[in-house]
1. Where residues in the stretch 14-29 are loosely packed, with under 14 Cβ neighbours inside 10 Å and in a loop (DSSP other than H, G, I, E, B), which of them is modelled with the lowest pLDDT?
2. Right, Asp38: without any contact (Cβ under 8 Å) to a residue 24 or more places away in the chain, surrounded by fewer than 17 Cβ atoms within 10 Å (Cβ to Cβ), in a strand (DSSP E or B) and among the charged types (D, E, K, R) or not?
3. Go through the stretch 30-87 and give me each residue that's of a type in the set (Ser, Thr, Tyr), within 21 Å of Pro7 (Cα to Cα) and modelled with pLDDT under 85.
4. Tell me, yes or no, whether the stretch 63-73 has at least one residue that is surrounded by 10 or more Cβ atoms within 10 Å (Cβ to Cβ), part of a loop (DSSP other than H, G, I, E, B) and charged (D, E, K, R).
5. When Val76 is evaluated against the numbered criteria (1) surrounded by fewer than 17 Cβ atoms within 10 Å (Cβ to Cβ); (2) hydrophobic (A, V, I, L, M, F, W, C); (3) assigned to a loop (DSSP other than H, G, I, E, B), which criterion, by number, is the only one it fails?
6. Looking at (1) under 14 Å from the mean Cα position of the chain (by Cα); (2) buried (at least 17 other Cβ atoms within 10 Å of the Cβ), which is the only condition Phe4 fails?
Amino acid sequence: IFVFDAPGLHSLWMLNMQFPLDMIWFDDQGKIVHIEKDVPPCKSALETATCTVVNPSAEALYILEVTAGFIDEFGVTEDSILEIISI
């Protein structure tokens, strides 16, 4: 999980990952504001020029990265709520 100091349009890209990820952006209330599924990795610095940069559609305070397929497997939807127990 990425925790930012303030809500914003926080973009991500995935240098040095070896497998695709699902990404979920949450606002300060834990509500999902953006979902991206099966984002491909950039496995080397040479791929950075063509690496997919994911830009959210709304401001978020948290971003959760999980293994691709997690969103579908666990039924995560725009109506799901993040409950943070401890950071």
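1. My answer is Asn16.
2. Spelling it out, it is not the case that Asp38 is without any contact (Cβ under 8 Å) to a residue 24 or more places away in the chain, surrounded by fewer than 17 Cβ atoms within 10 Å (Cβ to Cβ), in a strand (DSSP E or B) and among the charged types (D, E, K, R).
3. Ser86, the sole residue that qualifies.
4. No, there is no match, as no residue in the stretch 63-73 is surrounded by 10 or more Cβ atoms within 10 Å (Cβ to Cβ), part of a loop (DSSP other than H, G, I, E, B) and charged (D, E, K, R).
5. (1)
6. Among (1) under 14 Å from the mean Cα position of the chain (by Cα); (2) buried (at least 17 other Cβ atoms within 10 Å of the Cβ), Phe4 violates only (2).
The values are calculated or read from the model by the stated rules, or taken from the named source; none is laboratory data. Since the model is a prediction, treat every value here as computed from it, not as a measurement. Quick reminder, even Gly has a Cβ in these numbers, built from the backbone with ideal geometry, and neighbours come from all protein chains shown.
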